Amino acid sequence: MNHRTAPPRRRAAWAAGALALATVLAGGIAMSTSAQAASDTLGEAAAESGRYFGTAIAGQRLSDSQYTTIANREFTMITAENEMKLDATEPNQGQFNFSRGDQIANWALQNGKQLRGHTLAWHSQQPGWMQNMEGPALRQAMLNHVTQVATHYRGKIHSWDVVNEAFADGGTGARRDSNLQRTGNDWIEAAFRAARAADPGAKLCYNDYNIDNWSWAKTQAAYNLVRDFKQRGVPIDCIGLQSHFNSGSPYPNNYRTTLQSFADLGVDVQITELDIEGSGQQQADTYRRVVEDCLAVSRCTGITVWGVRDSDSWRSQGTPLLFDGNGNKKQAYYSTLDALNAGGTTDPTDDPTEDPTEDPTEDPTFPAGDCSADLRIVNSWQGGYQGEVAVTAGSSAISGWSVTLSGGISVSQIWNGTLSGSTVSNVSWNGNLGAGQSTSFGFIGNGSPPSAGSLACG
């Protein structure tokens, strides 16, 4: 059963189409038939671009009618705030209790929502018995937990946060020192493989906080983990950015770069625990920017806010959500809804380079020669920039490629390619391209960015 079907577009869109048709029949001039009436809830507006808009739900609040009314009306994806974590689902070793998680799951599915699973393996909120374990015994207990919980919810989960918060804060990019980490550096990989075996239909995510700023070491560490998994065939489908923004960890101007860079690795990007402390126009503008950044990245497939009303938030003193404690829509709600409605109706699975006017029966024209390479500048700052190079095979398939960087380009970091001198070559998994097919690599350059344009490819 496909449990990822997007919610239907709202009836207002049909009404808009009917009005346009009636105008034509009456002899008038109608607006473009692609125009859609604005959706009036967050979930419906997000669905217009094929995305979801979700929230975290707490079981003890499901008896609050105002809470459930807002949640049911506005959101299309539900995450259990605490009810599927380790201490809730396996309070005693080998004795599983799914009653609290099932309460959330049943409410979500009965109300036509999709369901995110949170979380299978984490250093925090472990039951006491797990906190006291080490070594091989802990490794086996962790894998059994992943298997049993993912199996219980098999077929119901859109995406699982398989591993949560495995990297340390600070400027080193190191793994967090935890009992799970001390079982061996491959524990994250082992958890992902166990989750895939238990529920092949769920998307498998790595989830963390403070990986929003592209220049931070923790972000790069998470990026390198995802890149390594993709290169080696470890099952991973998505990256989750918690995006808890406040004065100590503000929204970064390179947030869109971060989303796009993860997406370029071939994974979906999900904003999983969004809350933005503040009020008024400042808060509204930041919510709008986050939504616009997600909509600009085709593989940013959804946004989840971490709670319904300010009073429900784990940071309630910072009033970080879209509804106030009385359930009223805040200024941030309207800026978020407006940004979603302005996002268009593009399905994120669509090819953004496809020309809708092109005749699909005609043979496409591909670049002459073995391959072509086109450089674009994704982002820039004082003293540096991020470049991305699209490599496209010509009229014949190729089994490898190399791109010569223009004179003066100084590279400090590269991904999806191997640098030797001024030449970038494919890595093991992106060298084979069929005729007309493309791949890409990215890099951090030093100094001022060069002009975008073609590079030598062979």
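Which residue pairs have Cβ atoms closer than 7 Å, lie 6 or more positions apart in sequence or on different chains, and pair a first residue in region 111-129 that is assigned to a loop (DSSP other than H, G, I, E, B) with a second residue that is among the aliphatic types (A, V, I, L, M)?
Filtered contacts from region 111-129: 113/77; 113/78; 123/180; 125/86; 126/86; 127/86.
Failed condition for residue 103, given (1) assigned to a helix (DSSP H, G or I); (2) on the phi > 0 side of the Ramachandran plot, with all others met?
(2)
Could you tell me whether residue 286 is among the polar types (S, T, N, Q), modelled with pLDDT of 95 or more, over 21 Å from the mean Cα position of the chain (by Cα) and open to solvent by 10 Å² or more (accessible area, probe 1.4 Å)?
no
Within region 166-221, count every residue that is among the aromatic types (Phe, Trp, Tyr) and within 27 Å of residue 137 (Cβ to Cβ).
Residues meeting the conditions: 4.
If you take the residues of region 147-180 that are β-branched (Val, Ile, Thr) and either farther than 25 Å from residue 244 by Cβ or in contact with a Ser or Thr (Cβ under 7 Å, 6 or more places away or on another chain) (or both), which of them is least open to solvent (accessible area, probe 1.4 Å)?
149
From the set of residues in region 247-269 that are at pLDDT 95 or above and farther than 17 Å from residue 214 by Cβ, which is nearest to the chain's Cα centre (by Cα)?
268
Let me spell it out: the conditions are (1) out of contact with any His (no Cβ under 6 Å at 6 or more places or on another chain); (2) within 30 Å of residue 69 (Cα to Cα), and residue 275 meets all of them except one. Which number is the exception?
Failed condition: (1).
Just checking, does region 70-87 include any residue being over 19 Å from residue 323 (Cβ atoms), open to solvent by 10 Å² or more (accessible area, probe 1.4 Å) and not in a loop (DSSP other than H, G, I, E, B)?
Yes, region 70-87 contains at least one residue that is over 19 Å from residue 323 (Cβ atoms), open to solvent by 10 Å² or more (accessible area, probe 1.4 Å) and not in a loop (DSSP other than H, G, I, E, B).
The values are calculated or read from the model by the stated rules, or taken from the named source; none is laboratory data. Just so it is clear, the model here is predicted, and its values are computed rather than measured. Virtual Cβ from ideal backbone geometry, glycine too; neighbours counted across all protein chains shown. Each accessible area value is taken on the protein alone, full model and side chains, heavy atoms only, with ligands, DNA and RNA left out. Shrake-Rupley method; radii C 1.70, N 1.55, O 1.52, S 1.80 Å.
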